[in-house]
Amino acid sequence: MATATSNIRSPSIILFGKGTVSYQRTAAPFQIPQFALNRPRFTALFASLHDGNNNDDGSNKITKAVGLEELFEDSPYDVVSKDSPFHPSMISRFRFSFLGLSFTFKISHFMLRYSGPLSSTQFSNSVSAGSRLRVAYQGVRGAYSEAAAEKAYPNCEAVPCDQFDAAFEAVEKWIVDRAVLPIENSLGGSIHRNYDLLLRHSLHIVGEVKLAVRHCLLANHGVRVEDLQRVLSHPQALAQCENTLTKLGLSREATDDTALAAKYVAFNKLKDTGAVASSSAAKIYGLNILAEDVQDDCDNVTRFLMLAREPIIPGVEKPFKTSIVFSLEEGPGVLFKALAVFALRHINLTKIESRPLRNQPLRASDDSNNGSKYFDYLFYVDFEASMAEERAQNALRHLKEFATFLRVLGSYPVDTTML
């Protein structure tokens, strides 16, 4: 018996390979039959080649291992060993015989992963083709993040996560293909937690999506506005509806998610409590919409980032944005010097955010006579240029000359769609 064990990564395509099986007396070419995978999953392929003859103890003798990696050396997908942490737990088998050899294959489905970055064209095609990607978002069904995930990846399988950290980890551990997470709101500002997680994890920004937020006041059927005494929702949603809720004389209580508030009100059949959430949450949990557009400002837009394990190859065929993070030495005019590398090349900055450098938040001054300490910061910057452009490359080369740390988080198409 010859045995080969190999994991290959492949999307929903037909796998095809050719090779040579070496037996004791003959070497016969063989061809692996074609088979299609139904879902875009991580696929592990295990092949055992049996000679069909048992030893005296009833076991098959292993004669020579066949490296299936060689069969797929022309494949655009990379190979991992059987000791991978993504070793399958759900396996199906099929067998066939060829030239006196019995072949046994075991197939398992996990996440899709590309061995190299996707081009922006491939990325767009994968979305437009409606491939059934698993996309993580924070919250429960009916959350605004779910709507953003479905806008970013139409026909995706949206996977709820209880916390932002869990969504990052789900992508890294191949539980899902992508994550769509909020990064800033036009009224509430930046979501600092996700800025910190971008640096802590190794995911790449592959796109952005903007979503108009329209809050509704929800309650169980038969409950009127005057019956309400309190309202539940996410802290930012409550803040965005502060004037309206104050006029109604309602006390506010915070929850982890807008849709979670709606779910809690519905499942507990509360008569004196409402929720601020989306109209889709009302439909999902069977609540009545008492009032629509209860936010204080109609220009309420949240920007979400689309995250993946691999980056896309930036292009110039459409408007691109690039996100970076860097740190600097302390000194007069150092930040001005850093931002000047973009101004000198006529690159527009659309966002700048500073966050404490957690590993070393305080540093002693270089001036020994001073003895003072100062804060170290990371600077997150978004600028309107693709990393395929020479001016963007030159700007980062210039910045790298004096930055103590620099990382490109992603270069991706700008969301220019209507909200």
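The values are calculated or read from the model by the stated rules, or taken from the named source; none is laboratory data. Predicted, not measured: the structure shown is a model, and the values here were computed from it. Positions of Cβ are generated from backbone atoms using ideal geometry, with glycine treated the same way; all protein chains shown enter the neighbour counts. Remember, those area values only see protein heavy atoms, side chains included, never the ligands or the DNA or RNA. Shrake-Rupley method; radii C 1.70, N 1.55, O 1.52, S 1.80 Å.
Applying the condition of being without any contact (Cβ under 8 Å) to a residue 60 or more places away in the chain and of a type in the set (Gly, Ala, Ser) to segment 283-342 and asking which residue is most open to solvent (accessible area, probe 1.4 Å) yields Gly333. For Ser145, the conditions (1) closer than 30 Å to Asn268 by Cα; (2) open to solvent by 20 Å² or more (accessible area, probe 1.4 Å); (3) in contact with a strand residue (DSSP E or B) (Cβ under 6 Å, 6 or more places away or on another chain); (4) hydroxyl-bearing (Ser, Thr, Tyr) are fulfilled apart from (2). Close contacts from segment 237-252, counting a first residue that is among the charged types (D, E, K, R) and a second that is assigned to a loop (DSSP other than H, G, I, E, B) and open to solvent by 60 Å² or more (accessible area, probe 1.4 Å), with Cβ to Cβ under 9 Å and a gap of 6+ residues or different chains, come to Glu242/Asp296.
Out of segment 253-268, which residues are surrounded by fewer than 17 Cβ atoms within 10 Å (Cβ to Cβ) and in contact (Cβ under 8 Å) with a residue 40 or more places away in the chain? Hit for segment 253-268 is Asp256, nothing else.
Mind checking whether some residue in segment 201-215 is among the basic types (Lys, Arg) and within 24 Å of Phe168 (Cα to Cα)?
yes
Of all residues in segment 245-298, which are of a type in the set (A, V, I, L, M) and in contact with a Phe, Trp or Tyr (Cβ under 6 Å, 6 or more places away or on another chain)? If you could, list the steps in order and put the result at the bottom.
Taking segment 245-298 and keeping what is of a type in the set (A, V, I, L, M), we get 245, 248, 250, 254, 259-262, 265-266, 270, 275-277, 281-282, 284, 287, 289-291, 294.
Selection gives Ala262, Ala266.
Residues of segment 184-210 that are open to solvent by less than 20 Å² (accessible area, probe 1.4 Å), among the hydrophobic types (A, V, I, L, M, F, W, C) and touching a residue at least 40 places away in the same chain (Cβ under 8 Å): Leu198, Leu203, Ile205, Val206, Val209. Among the numbered conditions (1) open to solvent by 40 Å² or more (accessible area, probe 1.4 Å); (2) at pLDDT below 95, the only one that Arg134 does not meet is (2).
Results for (1) modelled with pLDDT of 95 or more; (2) over 17 Å from Pro311 (Cβ atoms); (3) within 10 Å of the chain's Cα centre (by Cα), shown as yes or no for each residue.
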site	(1), (2), (3)
Ala152	yes, no, no
Val159	yes, yes, no
Ala166	yes, yes, no
Leu181	yes, no, yes
Gly188	no, yes, no
Ile191	no, yes, no
Arg200	no, yes, no
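Let's see how each residue does on (1) in contact (Cβ under 8 Å) with a residue 40 or more places away in the chain; (2) surrounded by 20 or more Cβ atoms within 10 Å (Cβ to Cβ); (3) closer than 10 Å to Tyr137 by Cα; (4) touching a His at 6+ places or on another chain (Cβ under 8 Å):
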site: Ala152; (1), (2), (3), (4): yes, yes, no, no
site: Pro160; (1), (2), (3), (4): no, yes, yes, no
site: Ile175; (1), (2), (3), (4): yes, no, no, no
site: Arg178; (1), (2), (3), (4): yes, yes, yes, no
